[in-house]
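Here is the structure we will look at, set down as structure tokens.
The values are calculated or read from the model by the stated rules, or taken from the named source; none is laboratory data. What you are looking at is a predicted structure, and each value in this text was computed from that prediction instead of being measured. Backbone-built Cβ (ideal geometry, glycine too); neighbour counts: all protein chains shown. We work out accessible area using only protein heavy atoms, side chains counted, and drop any ligands, DNA or RNA first. Shrake-Rupley method; radii C 1.70, N 1.55, O 1.52, S 1.80 Å.
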Amino acid sequence: MAHTRIRKFNTRETYPEQNLDNDLCQAVVAEGKMVFLRGQCPQNLDDAKNIDSHDPVEQTHKVMQNIRQLMEECGGAMEHVCRVQVFLTDVRNREAVYRTMGEYIKGVHPVSTGLVVTALARPDWLVEIEATAVIPADYTPA
């Protein structure tokens with residue numbers, strides 16, 4: 001693993017009432033090149049067009065695919081993500097969003113903060129996720 005993850009846990013244990021399976025931790029100790037990703041939304045990176053879906057799962061897949069693509073373009077990988085900040089417009093979508101996000105951060109254990117907000121920049125967006133990563137100096141992409 002690229003960084004030291006302090007107090008790893010899985011949301012299966014911390015939120016037993018929800019059907020979640022996210023690998024998270026309380027703190028990350030990292031050294032290397034920092035990468036700050038702006039909040040990713042359910043739109044294409046190349047043309048900024050929204051995906052044609054109002055489903056929180058489909059929107060989250062697009063958001064996480066954007067994060068993965070940007071990490072690769074920055075010379076890193078998902079394993080270098082240290083922090084995610086999740087913005088939801090409806091708390092009832094939390095379980096679906098976090099379950100989907102968990103598919104992309106399995107084994108990564110970033111720190112995570114979730115917020116429920118009144119709205120995002122576009123009314124049809126249900127989720128936006130920011131990510132912060134640190135790419136180790138000795139990392140070579142595969």
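Just a few scattered comments:
- Counting only DSSP H runs of at least 4 residues, each contributing -39500 (n - 2.57), and dividing by the residue count of the chain, the helix-based mean residue ellipticity at 222 nm comes to -7500 deg cm²/dmol.
- 15 Å reach of a label modelled at residue 7, 7 Å along Cα-to-Cβ, counting backbone N of the stretch 109-142: 110-113
- Candidate residues 117, 97, 29: accessible-area rank, largest first, probe 1.4 Å: 29, 117, 97
- Considering only the chain, percent of DSSP beta bridges that pair antiparallel, nearest 5: 75 percent
- Proximal charge balance of residue 135 [Cβ under 12 Å; K/R count +1, D/E count -1]: -4
- Each label was represented as a point 7 Å from its Cα along the Cα-to-Cβ direction; for residue 68 and residue 139 these points are 1.6 nm apart.
- Residue-level accessible surface for residue 95, protein heavy atoms, 1.4 Å, Å²: 60 Å²
- P(r) histogram, all alpha-carbon pairs of the chain included - 10 Å bins from 0, percent: 12, 43, 34, 10, 0
- The stretch 1-61-the stretch 79-116 distance, computed between alpha-carbon centres (Å): 4 Å
- Each Lys or Arg adds one and each Asp or Glu takes one away; over the other residues whose Cβ falls under 14 Å from the Cβ of residue 119, this sums to -2.
- Surface per residue (accessible, 1.4 Å probe) for the stretch 35-142, Å²: 49 Å²
- Contour minus Cα-Cα distance for residue 33 and residue 53 (0.36 nm per residue): 3.7 nm
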